[in-house]
Amino acid sequence: MTAAARLRDLPSEDRPRERLSAHGAGALSNRELVALLLGTGDGTRSALSLAEDLVAPGLRELAGRSLPELTREKGVGAAKAARLLAALELGTRVAAEPRRPSHAFKAPADAGRYLLPRYGSRPVEVFGVLALDVRHRLKREVVVSSGCLTASLVHPREVFQEAIACRAAALVLFHNHPSGDPEPSAEDVALTRRLGAAGTLMGIEVLDHLILGAAGWVSLKERGIL
């Protein structure tokens with residue numbers, strides 16, 4: 001059995017692509033990241049084995065190699081070499097690019113003003129989260145569910161997997177009422193308490209749950225639900 005075949009036979013939790021899906025790119029080693037870019041080995045070595053040889057001198061040395069130099073490596077053709085150099089150049093540009101100011105959510109009104117133009121007039125119910133960093137600046141905005149909101153459609157698993165994926169420190173939950181009336185229902189209150197309790201267990205604070213109407217919002221934090 002070849003090394004390339006053995007790579008396919010690895011347990012799913014040890015395969016780079018599955019590990020990235022489960023834990024995020026930050027959990028992968030340099031070797032695993034390069035193996036994903038390569039895709040395949042050279043017939044005698046797996047992508048992981050080939051990647052290990054390429055990263056052994058260090059990523060800086062790898063980034064300094066030219067396309068012709070890389071293609072002289074057995075198993076690294078022009079397409080693989082181009083992917084590697086493009087990815088390394090993107091990493092360099094990300095490091096050099098200045099950060100843009102992020103929205104900060106210090107009070108319910110900050111989230112309300114941000115969310116109302118986006119979701120207040122939607123014709124169907126949409127449930128989402130604002131994932132925030134430790135300073136309550138926006139890291140990610142995600143719609144988790146669309147349609148009639150029930151406990152089965154808005155599950156803590158789906159809500160907190162987004163927070164975990166971007167390493168959020170806190171969440172602001174939101175959903176809209178297509179009727180235009182943002183007054184919370186009993187189910188809204190129960191869902192808020194359920195997700196707040198789940199956040200406490202996971203160490204990710206649920207700061208608020210905003211219900212959006214046609215022209216305004218209700219903060220369940222201000223109502224004392226959270």
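The values are calculated or read from the model by the stated rules, or taken from the named source; none is laboratory data. Just so we're clear, the structure is a prediction, and the values are computed from it rather than from any experiment. Cβ atoms come from the backbone with ideal geometry, glycine included; neighbour counts cover every protein chain shown. Side chains included, ligands, DNA and RNA excluded: accessible areas come from the protein's heavy atoms. Shrake-Rupley method; radii C 1.70, N 1.55, O 1.52, S 1.80 Å.
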Once you put a point 7 Å from the Cα of Ala215 and another 7 Å from the Cα of Ala165, both along the Cβ direction, what distance in nm separates them? 3.7 nm
With every protein chain kept in the model, how would you rank Lys80, Lys106 by accessible area, 1.4 Å probe, largest at the top? Lys106, Lys80
Whole-percent pair-distance distribution, where bins are 10 Å wide, for the alpha carbons of the chain: 7, 26, 22, 17, 17, 9, 1
Which value results when the Cα radius of gyration for the range 94-222 is divided by 2.2 N^0.38 Å? 1.02
Which parts of the range 31-69 would a label at Ala87 reach, counting a residue when its backbone N lies under 14 Å from a point 7 Å out along Cα-to-Cβ? 31-41, 47-56, 59-60, 62-63
Both in Å, the radius of gyration and Dmax of the C-alpha trace of the range 160-226 are 12.3, 34
The range 93-134 versus the range 199-224: alpha-carbon centroid distance in Å: 14 Å
Percent antiparallel among DSSP beta bridges (both partners in the chain, rounded to 5): 70 percent
At 1.4 Å probe size, with the rest of the protein present, what percent of the exposed accessible area of the chain is carbon and sulfur atoms? 54 percent
Average accessible area per residue (Å²) across the chain - probe 1.4 Å, nucleic acids and ligands excluded: 56 Å²
Excluding same-chain residues fewer than 8 positions from Lys221, which lysines have a Cα within less than 22 Å of its Cα? Lys106, Lys139
Distance histogram in 10 Å bins (all Cα pairs of the range 7-126, percent per bin): 11, 32, 22, 15, 15, 6, 0
Paramagnetic reach from Ala95 (point 7 Å along Cα→Cβ, amide N under 13 Å) across the range 59-86: 59-64
FRET efficiency for Ala79 and Glu141, using Cβ-Cβ distance with R0 set to 41 Å, rounded to 0.05: 0.70
Between Glu69 and Ala198, what is the label-point separation in nm under the 7 Å Cα-to-beta-carbon projection? 5.0 nm
Got a number for the accessible area of His155? Probe 1.4 Å, square angstrom, nearest 10. 60 Å²
